[in-house]
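The values are calculated or read from the model by the stated rules, or taken from the named source; none is laboratory data. For clarity, every value in this text was computed on a predicted model and none was experimentally measured. Please note: Cβ atoms are built from the backbone with ideal geometry, for glycine as well, and neighbour counts cover all protein chains shown. We work out accessible area using only protein heavy atoms, side chains counted, and drop any ligands, DNA or RNA first. Shrake-Rupley method; radii C 1.70, N 1.55, O 1.52, S 1.80 Å.
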Amino acid sequence: MSRFNTRSLAAALCGVMVLSIFGVSMALASMGQPVRTALAQATTETFCVVADARVERDDPDRNIGGGVMLQVDSPNEDGLGEMQSYLKFDVTIPAGATITSATLTLWVRPTGTNGTQHNVHVYSVSNDWTESGITWNNKPALGMDVGMLPTIPAPNGTSFPVSASIAAAAFSGPGTYAFALAYPPGETHSDGIDFQSKEGASPGPCLDITYTEGDVDT
């Protein structure tokens, strides 16, 4: 075999080895690359209440679904005066979207309340109730404590908003969600608060929902 052919054969063999090593390296590297490459996109939408009502322990069979006020009060020392309010929202986000945060905003009425020095809690409840049918006697039980409206000062003659961050665990994607506004069970004082319902002066209760769509790199 000539010197030229020997050198050509050696060069060819080296080329094959380099390509083989490169191919194996690329295959191994690809095993550690993300399977999904589309980044999740965050979107925020506002959903206002579709049903709301208050219920009163002192009038347990009365439905107050058309009232202009959503009231929250604890029982006094005699066990009287307790009120809770219920809200329902249709969260119409895309199927498969993941809710990452939520904020509930209500407006304190300018009259009929002196504010409250006690935090109003937000509880997740069953949505199996209607605005025209809910009463104290048939209201859904309080579920998971998912948020808290802070201490609310006395109004200055104008309506003003208060907000609570709602735990993302309260949601599982698109659907109908319901919440109750109440003081914690066992709390006793005479220091209630009045919010605007959807039948009262605008705006009523609303939820700001932030959700993501698409895949995240893995």
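The residue that is surrounded by the most Cβ atoms within 10 Å (Cβ to Cβ), among those in region 160-176 that are at pLDDT 95 or above and assigned to a strand (DSSP E or B), is ILE166. In the set (1) out of contact with any Leu (no Cβ under 7 Å at 6 or more places or on another chain); (2) in a strand (DSSP E or B), the condition left unmet by PHE195 is number (1).
Out of region 177-209, which residues are buried (at least 16 other Cβ atoms within 10 Å of the Cβ) and β-branched (Val, Ile, Thr)? ILE193, ILE209 - these are the residues of region 177-209 that are buried (at least 16 other Cβ atoms within 10 Å of the Cβ) and β-branched (Val, Ile, Thr). Within region 144-159, restricting attention to residues that are at pLDDT 95 or above and farther than 17 Å from PRO205 by Cβ, the residue that is most open to solvent (accessible area, probe 1.4 Å) is MET144.
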